[in-house]
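The values are calculated or read from the model by the stated rules, or taken from the named source; none is laboratory data. Treat the numbers as computed from the prediction; the structure is a model and nothing was measured. Glycine also receives a Cβ, built like all others from the backbone with ideal geometry; neighbour counts cover every protein chain displayed. Remember, those area values only see protein heavy atoms, side chains included, never the ligands or the DNA or RNA. Shrake-Rupley method; radii C 1.70, N 1.55, O 1.52, S 1.80 Å.
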Number of protein chains: 2
Amino acid sequence: MSVEPLPNIDRSTLRERVLRALRSAITSGRYRPGDHLGEVDLAASLGVSRGTVREALRHLQQEGLVMASTRGMLRVNTLSATEIRGLFRVRAALEGLAVREIVASPRRDAAVAALRESLLSLRDGDDFGAQVEADLGFHMRLCELSGNPMLVESWRHLEGRIRATIMNREPDEAPAMMTPARHSPIVDAIAAGDLDTAIAVVEEHMAAAADHFAGPAES
Amino acid sequence: MSVEPLPNIDRSTLRERVLRALRSAITSGRYRPGDHLGEVDLAASLGVSRGTVREALRHLQQEGLVMASTRGMLRVNTLSATEIRGLFRVRAALEGLAVREIVASPRRDAAVAALRESLLSLRDGDDFGAQVEADLGFHMRLCELSGNPMLVESWRHLEGRIRATIMNREPDEAPAMMTPARHSPIVDAIAAGDLDTAIAVVEEHMAAAADHFAGPAES
DNA sequence: GACATGTACGCTGTCGACACTCCAGAGGAG
DNA sequence: CTCCTCTGGAGTGTCGACAGCGTACATGTC
């Protein structure tokens, strides 16, 4: 009898796997913003029924990665400059709360260590996709370390739109936003326990990102 | 030929109507927190197919009004005290941002007027359900007046959980939270243009609500 | 040639049926 | 009496098919 512990069985439902596949296909650039996502085509491509694809698409719609167009058809979402600016202001508010809760927490040191670790992933990425993942991973980690599950939930709700925004840009333009140099000041301010500075840093970070992705201040 | 402009035809899809019906049934207390929502029963009650009910339920799940339990079954969501506290902290962050944007906006006076109007609905409600609607309507209005669609979107994403929290309480206990007296200071501070005070008022308002719904500070 | 009308096609909306999993309780072996 | 086994039933998971709606093209009329 074999001693090795048998591979874990994937108990995820078909809908969940289709969901992940579609999400990945969109955020990886396989489908471009504005592309039509037809249920029949996708169902045929993935080898599943329309109903299953349908549920996954509806989920992505609520995530903001997909938007409805005419006659109930779904397209990859694309955000206006105004929406992008608003999006990053909401992010600033949420991540500002995260910073606030981390600074107030007794586990602040552990949180700082975890964030420093997340920063490492940002350094060694020459691949654009990996760079994006590392950036979002850092900010998501920031929310998780707040210990507030609702904050994480709210941030995740925006994640699809964040990704849609980033993917709207050519890969060449964005990397400057995602360097460790832009993120370490946040961690430093948290480590110093200086709440006001930390929040100011986060807001500046988000404002710069908004300018980058929405085009410099037009409003 | 008749001159009257023909009644508007309801073009909403069956799924949308089922969604509204279920949401209303839950937030009105027709189903209690923890109740099992079986697809077959609901489909039979509503006279639609399981697939249609299913899509509506999945939507409500993402809204947080419904949660998954064992074997993929869905139940009316119920939040822990910790989650409730976190929820209201996130609300404070979001509505704080709303206040901030309104104060900074040139249309501040119009916003104040709109908020004052919303306050009126709070006054004349002896019906508990109407009172809740008026309260949530005020806060939602606050977000809308920020002019930031993403902020509204994020707030709406929490709305289901907020309602689930309120509905967890007996109707008799809550009304004190929803008096005009508790809301007008927010509007007054906005009208005065005093940002710091306004945000402090919002945070105090949310902290009090958290204590009320989660039980006084145990953490 | 321009406009109204008919018509085929593509797509989503909705449905009913079958498959599968899990839990609870009956029933037998020890 | 206790434990294991088996068998129903209650649910959800997934599927294929039909129906309805709109668009775009073809057809006919003036």
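Using only the Cα atoms of the stretch B:94-133, build the gyration tensor, take square roots of its eigenvalues as a ≥ b ≥ c, and label the shape rounded, prolate or oblate: rounded if a/c is under 1.5, else prolate if a/b is larger than b/c, else oblate. Because a/c hits 1.5 or more and a/b fails to exceed b/c, the stretch B:94-133 counts as oblate.
Across chain B, the relative contact order, built from alpha-carbon pairs under 8 Å that are at least six residues apart, equals 25 percent.
A DSSP coil position with no more than 14 other Cβ atoms inside 10 Å describes the following trypsin sites (Lys or Arg not before Pro) in the stretch B:34-141: B:Arg107. A Cβ-based charge dipole, computed about the Cα centre of the stretch B:14-76 with Lys and Arg at +1 and Asp and Glu at -1, lands at about 20 debye.
Legend: calculated FRET efficiency, B:Gln62 to A:Ala200, from the Cβ-Cβ distance at R0 = 25 Å, rounded to 0.05, equals 0.15. Against the compact-protein benchmark of 2.2 N^0.38 Å, the Cα-based radius of gyration of the protein assembly as shown scales to 1.04. A DSSP coil position with no more than 16 other Cβ atoms inside 10 Å describes none of the chymotrypsin sites (Phe, Trp or Tyr not before Pro) in the stretch B:48-143. Among the trypsin sites (Lys or Arg not before Pro) found in the stretch A:143-215, those both in a DSSP coil and sparsely packed, with 16 or fewer other Cβ atoms within 10 Å of their Cβ, are A:Arg169. Dividing the Cα radius of gyration of the stretch A:33-120 by 2.2 N^0.38 Å, with N the residue count, gives 1.61. Over all distinct Cα-Cα pairs of chain B, the Kirkwood formula returns a hydrodynamic radius of 18.9 Å.
One decimal place: the segment B:Arg71-B:Asp10 gains 18.3 nm when fully extended, by the rule 0.36 nm per residue minus the C-alpha distance. For B:His36 and A:Ser28, the FRET efficiency from 1/(1 + (r/R0)^6), where r spans their Cβ atoms and R0 equals 51 Å, is about 0.85. Ligands, DNA and RNA excluded, the heavy atoms of A:His36 present near 90 Å² of accessible surface to a 1.4 Å solvent probe. Dipole size of the protein assembly as shown about its Cα centre, with +1 on Lys/Arg Cβ and -1 on Asp/Glu Cβ: approximately 1460 debye, rounded to the nearest 20. In the stretch A:79-219, taking the dipole from charged Cβ atoms about the Cα centre, the farthest positive-side position among A:Ala200, A:Met167, A:Cys143 is held by A:Cys143. Hydrophobic long helices, here whole DSSP H runs in chain B with Kyte-Doolittle means of at least -1.0 and Cα atoms spread over 15 Å or more along the helix axis, are found at B:14-27, B:81-104, B:108-123, B:128-144, B:149-167, B:180-192, B:195-214. Only helices enter this figure: runs of n ≥ 4 DSSP H residues, each worth -39500 (n - 2.57), summed and divided by the residues of the protein assembly as shown, yield -22000 deg cm²/dmol at 222 nm to the nearest 500. Shape of the stretch B:14-76 from the C-alpha gyration tensor: rounded (a/c under 1.5, with a ≥ b ≥ c the square roots of its eigenvalues). Over all distinct Cα-Cα pairs of the stretch A:94-213, the Kirkwood formula returns a hydrodynamic radius of 14.4 Å. When all protein chains stay in place and ligands, DNA and RNA are ignored, the 1.4 Å accessible-area order of A:Asp196, B:Asp211, B:Asp41, A:Asp135, largest first, is A:Asp196, B:Asp41, B:Asp211, A:Asp135.
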